[in-house]
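**Q** Have a look at this one before I ask anything.
The values are calculated or read from the model by the stated rules, or taken from the named source; none is laboratory data. As the structure is a prediction and not an experimental result, all values here were calculated from the model. Positions of Cβ are generated from backbone atoms using ideal geometry, with glycine treated the same way; all protein chains shown enter the neighbour counts.
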Amino acid sequence: MAVMSEPAGGEGGRWTILARQRVAESLGVKQRMLADPRWDAAVERALSLVAGAARSGHKLMVCGNGGSACDAQHIAEELLGRFRRERDAWPALCLGANMGAMTAIANDYGYDWVFSRELAAFGQRGDVLVALSTSGRSSSILRAAETARAMGVGVVALTGAGGGPLAAMADAALCVPSDDTAHIQEAHITVGHVLAEVVELALAGA
């Protein structure tokens, strides 16, 4: 018995249209980033802060919730391993990645403390915290930023449009001009890759 195959493009091309729409939206967000001079200034501040930490032997800590937690892990592993070039490992820690520690802290102190408690244990003056929050309003991220500032740890915020309270707490805030969580996260991981490349260039003395 012959099996009918799905027409190319699925349901008359409906899925292709949807895919093209979402890719075009994502490109549009990044084009708006590039067109905004405030973005250039914020990127320069953020990357200079991270490059300075790399050159001076300090470490990077990254945190986020949900999909942003996965992005935080992604950024940290690029630095622990390698991104574009062979080099020594650079100390990068994804806060909240230790499930036992995270659940213990959440159980004993409340979820709002899961990142700040780890940061207080491992952070040192001169380190940098990269805090990811698409809204800029996550209470656990705000507490981590507050703790970082009290410890002399630099804060780079990756947020969405407006930046929320997190942007005001950061040394450098990269506010993606979108209210769509998915497109904000897509831009955040692009920034994360640039950050990893800057660290590699800084460690190489470039």
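**Q** Take residues that are within 17 Å of S116 (Cβ to Cβ) and tell me which of the helices (runs of 4 or more DSSP H) falling wholly in region 133-206 contain 2 or more.
**A** Of the helices (runs of 4 or more DSSP H) lying wholly inside region 133-206, those with at least 2 residues that are within 17 Å of S116 (Cβ to Cβ) span 139-151, 164-169.
**Q** Cβ-Cβ distance below 7 Å, separation of 6 or more or different chains: which pairs start in region 76-98 with a residue that is closer than 13 Å to H193 by Cα and end on one that is assigned to a loop (DSSP other than H, G, I, E, B) and aromatic (F, W, Y)?
**A** L79/W90
**Q** Can you work out which of the residues in region 95-106 that are aliphatic (A, V, I, L, M) and assigned to a loop (DSSP other than H, G, I, E, B) is nearest to E118 (Cα to Cα)?
**A** So, considering only residues that are aliphatic (A, V, I, L, M) and assigned to a loop (DSSP other than H, G, I, E, B), the one nearest to E118 (Cα to Cα) is L95.
**Q** Could you check, for region 101-117, whether at least one of its residues is of a type in the set (D, E, K, R), buried (at least 20 other Cβ atoms within 10 Å of the Cβ), free of Cβ contacts under 8 Å to residues at least 40 places away in the same chain and out of contact with any Ser or Thr (no Cβ under 7 Å at 6 or more places or on another chain)? Spell out how you get there, then give the answer.
**A** As a first pass, look at region 101-117 and keep what is of a type in the set (D, E, K, R): 108, 112, 117.
Among the residues that remain, those that are also buried (at least 20 other Cβ atoms within 10 Å of the Cβ) are: 117.
Remaining after also requiring free of Cβ contacts under 8 Å to residues at least 40 places away in the same chain: 117.
Now restrict to residues that are out of contact with any Ser or Thr (no Cβ under 7 Å at 6 or more places or on another chain): 117.
Yes, there is a match, as at least one residue in region 101-117 is of a type in the set (D, E, K, R), buried (at least 20 other Cβ atoms within 10 Å of the Cβ), free of Cβ contacts under 8 Å to residues at least 40 places away in the same chain and out of contact with any Ser or Thr (no Cβ under 7 Å at 6 or more places or on another chain).
**Q** Return the only residue of I141, I184 being more than 21 Å from W90 (Cα to Cα), in contact with a Cys (Cβ under 7 Å, 6 or more places away or on another chain) and surrounded by 24 or more Cβ atoms within 10 Å (Cβ to Cβ).
**A** I141
**Q** Here's something else I'd like to know. Taking the stated definitions as given, is R117 within 19 Å of A150 (Cα to Cα), touching a helix residue (DSSP H, G or I) at 6+ places or on another chain (Cβ under 8 Å) and not hydrophobic (A, V, I, L, M, F, W, C)? Outline the logic, then answer.
**A** Values: within 19 Å of A150 (Cα to Cα): yes; touching a helix residue (DSSP H, G or I) at 6+ places or on another chain (Cβ under 8 Å): yes; not hydrophobic (A, V, I, L, M, F, W, C): yes.
Yes; evaluated as a whole, the condition is true for this residue.
**Q** Let me ask something else. Name the pairs whose Cβ atoms lie under 9 Å apart, with the first residue in region 158-174 and in contact (Cβ under 8 Å) with a residue 12 or more places away in the chain and of a type in the set (S, T, Y), the second surrounded by 20 or more Cβ atoms within 10 Å (Cβ to Cβ) and part of a strand (DSSP E or B), and 6 or more positions between them or separate chains?
**A** If the second residue must be surrounded by 20 or more Cβ atoms within 10 Å (Cβ to Cβ) and part of a strand (DSSP E or B), the pairs left are T159/A131; T159/L132; T159/A173; T159/L174; T159/C175.
**Q** Now, a different point. Hey, can you tell me all the residues within region 86-133 that are aromatic (F, W, Y) and under 16 Å from V50 (Cβ atoms)?
**A** Within region 86-133, just W90 meets the criteria.
**Q** Also, quick follow-up: Being part of a helix (DSSP H, G or I), small (G, A, S) and more than 12 Å from the chain's Cα centre (by Cα) is the filter; apply it to region 47-94 and report the residue that is surrounded by the most Cβ atoms within 10 Å (Cβ to Cβ).
**A** A54
**Q** I189 - would you say it is surrounded by fewer than 22 Cβ atoms within 10 Å (Cβ to Cβ), within 11 Å of L132 (Cβ to Cβ) and at pLDDT 95 or above? Don't jump to the end; show me each part of the working.
**A** Values: surrounded by fewer than 22 Cβ atoms within 10 Å (Cβ to Cβ): yes; within 11 Å of L132 (Cβ to Cβ): yes; at pLDDT 95 or above: yes.
The answer is yes for I189.
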